[in-house]
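Reading through the structure tokens given below for one structure.
The values are calculated or read from the model by the stated rules, or taken from the named source; none is laboratory data. Keep in mind that this is a model prediction, so the values were computed, not measured. Because the Cβ atoms are built from the backbone with ideal geometry, glycine has one as well, and the counts that use them run over all protein chains shown. The area values use the complete protein model at the heavy-atom level, side chains included, leaving out ligands, DNA and RNA. Shrake-Rupley method; radii C 1.70, N 1.55, O 1.52, S 1.80 Å.
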Amino acid sequence: AWYVPCLASLETLQELCRKENLRCKSIGITKRSLKTYEVEYLCDYKVEEGKEYYLVKWKGWPESSNTWEPEKHLNCPLLLQNFLSDKNEYLSRVSEGKTLKVRNRIKALKPAIADYVVKKAKQRIALQRWKEELNRKKNHKAMILVENTVDLEGPPLDFYYINEYKPAPGINVLNGITTGCECADCPAEKCCPKEAGFILAYNKHKKLTIQPGLPIYECNSYCRCGPDCPNRIVQKGTPYSLCIFRTNNGRGWGVKTLQKIKNNSFVMEYVGEVITSEEAERRGQHYDNQGNTYLFDLDYDSDEFTVDAARYGNVSHFVNHSCDPNLQVFNVFIDNLDLRLPRIALFSTRTIKAGEELTFDYQMKGSIDLTSDSADGLSPSKKRIRTVCKCGAVCCRGYLN
């Protein structure tokens, strides 16, 4: 299904709910906020007759209901701290390279400062709601955090979190499995990988043991083995808490791990819409004009299908490219043995420290993006716009495609 963003502002929706006595937790209208006043954030500051006042935005009430309140009426130390922090952050950015004379007792904030403080408060609330939404929708135990200390960018407006492939009409991503292994204790001689003609991909520590390019065959829903089977790794989802964060060098959002990740460990799966390669070629022209790329060719056996994570995806949507990545792509087969439709898993190529950004090589996936050499033989309408790489690696190739 396609989603259409609501055109009404948050304040308009809050006012409508209040008039109709309706509750809506997602926009801050609860049973409590219908009858009481709770500070949502602080908008402005002034001093009158020696008393300090703050302009208060009340939770669940439109901005037209904002009131000036003396500091002694406010029981919200964290919001006061956020207000002062945002004010100082604005002043420090404005004063970069300048000598700034800071006054401890200002009479009122300049409009530009107040405007910035409000935008930061709204961003903080929006990112918190987005974090809660992501964690409601995910199907794994590990947490997803969201962080932006760089700019005023809020959650993406046209992105919808999914946990598994979303097939386009006519594409079946679940077929071919009717039986599973009979192992009481995997792996046995006739376990799933052996039946497919390959070796077990993991050791007893759940670490990858096969080389890039070889497929992974995990036990499926028809297998006799239980959830603790050592051949069930990718299907359990990411075991690490991750943070979607705003990069400070123009690469948009990125993903960093909040936990140490050992070498050859499963980190996350790449999911999105499964579309035909013809449709991917059409969308690719549009994405190139935007300077984005979310197309991932499923070219393990053929180039018939592509995964597009532009609008629908999981945390992997936000993982940036690097010419020296710490993640490697592997093709995985679980409840579908169709070689044209493998699942895409990202495994660590080395030990990754907590707080380190996660990256993979976009060309590693065999994407439909073309190099300059291969594009030279195409007609002008088919030539792709080259996207400059900002990964910063010593071995950087200069372009994403």
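Observations on the structure shown:
- Among strands (runs of 3 or more DSSP E) entirely within segment 168-280, having at least 3 residues that are more than 25 Å from Asp299 (Cβ to Cβ) singles out 242-246, 253-257.
- Of the strands (runs of 3 or more DSSP E) lying entirely inside segment 300-358, the ones with 3 or more residues being in contact (Cβ under 8 Å) with a residue 12 or more places away in the chain and open to solvent by 10 Å² or more (accessible area, probe 1.4 Å) are found at 327-333.
- Some residue of segment 18-33 being touching a Pro at 6+ places or on another chain (Cβ under 6 Å) and without any contact (Cβ under 8 Å) to a residue 60 or more places away in the chain: no
- Test: residue in segment 252-274 that is in the same structural domain as Gly154 (by the TED database), among the charged types (D, E, K, R) and without any contact (Cβ under 8 Å) to a residue 60 or more places away in the chain: no
- Looking across segment 56-85, the residues that are of a type outside the set (A, V, I, L, M) and either outside the structural domain of Lys46 (by the TED database) or touching a residue at least 40 places away in the same chain (Cβ under 8 Å) (or both) come down to Lys57, Gly60, Trp61, Pro62, Glu63, Ser64, Asn82, Phe83.
- In segment 215-235, the qualifying residues are those that are in contact (Cβ under 8 Å) with a residue 24 or more places away in the chain and surrounded by fewer than 15 Cβ atoms within 10 Å (Cβ to Cβ), and the one that is nearest to Leu258 (Cα to Cα) is Ser221.
- Pro239 under 28 Å from the mean Cα position of the chain (by Cα), at pLDDT below 95 and open to solvent by 70 Å² or more (accessible area, probe 1.4 Å): no
- Output for segment 282-299, where each listed residue is closer than 21 Å to Leu339 by Cα and open to solvent by 20 Å² or more (accessible area, probe 1.4 Å): Asp299
- Residue in segment 169-183 that is at pLDDT 95 or above and either of a type in the set (Gly, Ala, Ser) or within 23 Å of Lys138 (Cα to Cα) (or both) present: no
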